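The values are calculated or read from the model by the stated rules, or taken from the named source; none is laboratory data. Since this is a predicted model, take the numbers as computed values, not measurements. Cβ sites come from the backbone with ideal geometry, for glycine too, and all protein chains shown count toward neighbours. Each accessible area value is taken on the protein alone, full model and side chains, heavy atoms only, with ligands, DNA and RNA left out. Shrake-Rupley method; radii C 1.70, N 1.55, O 1.52, S 1.80 Å.
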Amino acid sequence: MTIATPRPNQDLIRPDKDKFLSEENPFEAMMSRFDYAAQRLSLDPGLYKVLRSPEKQIIVSVPILRDNGETDVYVGYRVLYNTSRGPAKGGIRFDLNVTLDEVKALAAWMTWKCAVVNIPFGGSKGGVVCDPSTMSNPELERVTRRYTSAIIETLGPDSDVPAPDMNTNERVMAWIMDTYSMHKRHTVTAVVTGKPVEMGGSLGRREATGRGCMLVTRQALNRLRMPVHGSRVAVQGFGNVGSVSAMLMEQQGMKILAVSDKSGGIYNSKGLKIKEVIQHVRQHRFLSGYGEAEQITNDQLLTLDCDVLVPAALENVITSHNAADIKARIICEGANGPTTAGADKILEENGVFVIPDILANAGGVTVSYFEWVQDRGGYFWDEETVNQRLERIMVQSFDEVAGMAGRHGINMRIGAYMQAIERVAAVHRLRGMYA
Ligand code: NAD
């Protein structure tokens, strides 16, 4: 066995300096909103301290045998932020930019997200610092299985339930489920969600996040007394969330003026034909080269004259630098963390109605919850049932957050945080402190 010298991108600690100093630090971004919401709720100081701290942080090393016979060692994280309301729920990402700070922030976000839509889960997140684009399929499988076995004590349908995230998919979930089941000596489907439908996945899961975005956008338009039919939409990101949001919004009669991906954006003032655009991406991987539209940049898309903007690609795309130029009346945050705290202030001053990520993209985790329920009951629902139950939860959650925001005279983001913190805090009070 040869032990390879760690390459720079595999260092055990990744002090990503810029990320920690700027307005884009994910943990700071989450905490600044949490602090303000906690203050508005007059949260008692003891509970404030408890809810500000992750319950469990696991750091593991993940040695894998490369196809060429060398051994590489990656770092893996799993953070359980809070499990007072139920098993921890949160995705696993494989990416070179994974840091402990980011995983902590995302685990906290999952805690608030599950509480906003009132599903009985806490929040977690995990990641392995690696570059899956340089790995063969067998290497990816070995990383997945070794990481799963390294964190196996925390996993389980009653304790911690992973899901796909950046660069992981249903294939990876199948390997995690198999590894866990082999250790337990029996099949445990409910240990992960986002699995293939053939092995206990849920119908409607693939479209759930985009469907949720469409549902809350419709609620927001109604609330602002803007017509749904004919309202003009721009969508950044044309992957799972962006393309499904665009397609379902188009089906509601909304006009999708522009969409974009890594390769840039396309714009048509008369509205794009989303089915054709999806077909183009299926054939050519990217949007570039699509005929019936003008080319625009991602920056232009964000500041387009439209009614609804759906950032559904990356975090930190709406910052204090471009927030003043946003012309949309509604922003539906399909992505996690697309807006910085600095931008929030500017958007609020300009009267932009932001449907925050922890509400807007919670459709995905809601149907993950449905998947877990179906696995545990061993009885599977048809797609119509899944969609109806999702709609009921998204509409109710939107109305509850809007109610909270209205009562306290605050924006939807702080309203969502207050709703979530109040629910988590209430359970802590009922359970008391085991000291
Ligand atoms: P995806 O990988 O399917 O799609 C991402 C899209 O973003 C692609 O079209 C890609 O080309 C585009 N993109 C990448 N870099 C870009 C750049 N620099 N500029 C513009 N576009 C760029 O991912 P997804 O599942 O659609 O997730 C998108 C976002 O939604 C992420 O923030 C994710 O965390 C969040 N989210 C996803 C789900 C889900 O169920 N998939 C649930 C909740 C939140």
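Please verify whether the range 177-194 includes one or more residues that are within 16 Å of the ligand (Cβ to nearest atom) and of a type in the set (D, E).
No, the conditions are met nowhere in the range 177-194.
So which pairs qualify, if the first residue must be in the range 129-147 and within 15 Å of S61 (Cβ to Cβ), the second must be open to solvent by less than 60 Å² (accessible area, probe 1.4 Å) and hydroxyl-bearing (S, T, Y), the Cβ gap must be under 6 Å, and the two must be at least 6 apart or on different chains?
Here the result reads V129/Y74; C130/Y74; R145/T179, each pair linking the range 129-147 to a residue that is open to solvent by less than 60 Å² (accessible area, probe 1.4 Å) and hydroxyl-bearing (S, T, Y).
(1) within 12 Å of the ligand (Cβ to nearest atom); (2) open to solvent by 20 Å² or more (accessible area, probe 1.4 Å); (3) within 19 Å of the chain's Cα centre (by Cα); (4) hydrophobic (A, V, I, L, M, F, W, C): which one isn't true of A341, the others all being true?
For A341, the failing item is (1).
Can you tell which of S149, S133 is of a type in the set (G, A, S) and modelled with pLDDT under 95?
It is S133.
Considering only residues that are surrounded by 16 or more Cβ atoms within 10 Å (Cβ to Cβ), more than 14 Å from the ligand (Cβ to nearest atom) and not in a loop (DSSP other than H, G, I, E, B), which ones fall in the range 290-323?
Correct list: V308, A323.
Could you grab me the full set of residues in the range 41-85 that are assigned to a strand (DSSP E or B), free of Cβ contacts under 8 Å to residues at least 60 places away in the same chain and polar (S, T, N, Q)?
Once the filter is applied, which keeps residues that are assigned to a strand (DSSP E or B), free of Cβ contacts under 8 Å to residues at least 60 places away in the same chain and polar (S, T, N, Q), the range 41-85 yields only Q57.
Condition test on S243, is it within 11 Å of the ligand (Cβ to nearest atom), at negative phi, at pLDDT below 95 and surrounded by 14 or more Cβ atoms within 10 Å (Cβ to Cβ)?
no
I'm checking my understanding of the structure. Among residues of the range 44-65 that are in contact with a helix residue (DSSP H, G or I) (Cβ under 6 Å, 6 or more places away or on another chain) and not β-branched (V, I, T), which one is most open to solvent (accessible area, probe 1.4 Å)?
Y48
State all residues of the range 261-289 that are within 13 Å of the ligand (Cβ to nearest atom) and crowded, with 17+ Cβ neighbours inside 10 Å; if no residue qualifies, say none.
Of everything in the range 261-289, those that are within 13 Å of the ligand (Cβ to nearest atom) and crowded, with 17+ Cβ neighbours inside 10 Å turn out to be D261, S263, G265, I266, V277, H280, V281, L287.
Pairs please, first residue from the range 396-407 and under 14 Å from L215 (Cβ atoms) and assigned to a helix (DSSP H, G or I), second anywhere and open to solvent by 10 Å² or more (accessible area, probe 1.4 Å) and charged (D, E, K, R), Cβ atoms under 7 Å, 6+ apart in sequence or on different chains.
Pairs found: A402/R223.
Could you count how many residues in the range 182-234 are assigned to a loop (DSSP other than H, G, I, E, B) and over 22 Å from the mean Cα position of the chain (by Cα)?
12
Every residue, every condition in (1) outside the structural domain of N222 (by TED's automatic domain parsing); (2) of a type in the set (S, T, N, Q); (3) out of contact with any Pro (no Cβ under 7 Å at 6 or more places or on another chain); (4) at pLDDT below 95, yes or no:
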residue: E294; (1), (2), (3), (4): no, no, yes, no
residue: V310; (1), (2), (3), (4): no, no, yes, no
residue: A324; (1), (2), (3), (4): no, no, yes, no
residue: D344; (1), (2), (3), (4): no, no, yes, no
residue: F370; (1), (2), (3), (4): yes, no, yes, no
residue: Q374; (1), (2), (3), (4): yes, yes, yes, no
residue: Y379; (1), (2), (3), (4): yes, no, yes, no
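Inspect all residues belonging to the range 371-379 and state whether any of them is closer than 19 Å to L215 by Cβ, touching a Lys or Arg at 6+ places or on another chain (Cβ under 8 Å) and in a helix (DSSP H, G or I).
Taking every residue of the range 371-379 in turn, at least one turns out to be closer than 19 Å to L215 by Cβ, touching a Lys or Arg at 6+ places or on another chain (Cβ under 8 Å) and in a helix (DSSP H, G or I).
For the range 156-179, name all the residues that are surrounded by fewer than 16 Cβ atoms within 10 Å (Cβ to Cβ) and either touching a Cys at 6+ places or on another chain (Cβ under 9 Å) or not charged (D, E, K, R) (or both).
Listed by number, the residues that qualify are M166, N169.
Take G351 and tell me if it is assigned by TED's automatic domain parsing to the domain that holds S243 and either polar (S, T, N, Q) or buried (at least 19 other Cβ atoms within 10 Å of the Cβ) (or both).
no
Hey, does the range 211-224 have a residue that's of a type in the set (D, E, K, R), under 24 Å from I358 (Cβ atoms) and either within 14 Å of the ligand (Cβ to nearest atom) or in contact (Cβ under 8 Å) with a residue 60 or more places away in the chain (or both)?
Yes, the conditions are met somewhere in the range 211-224.
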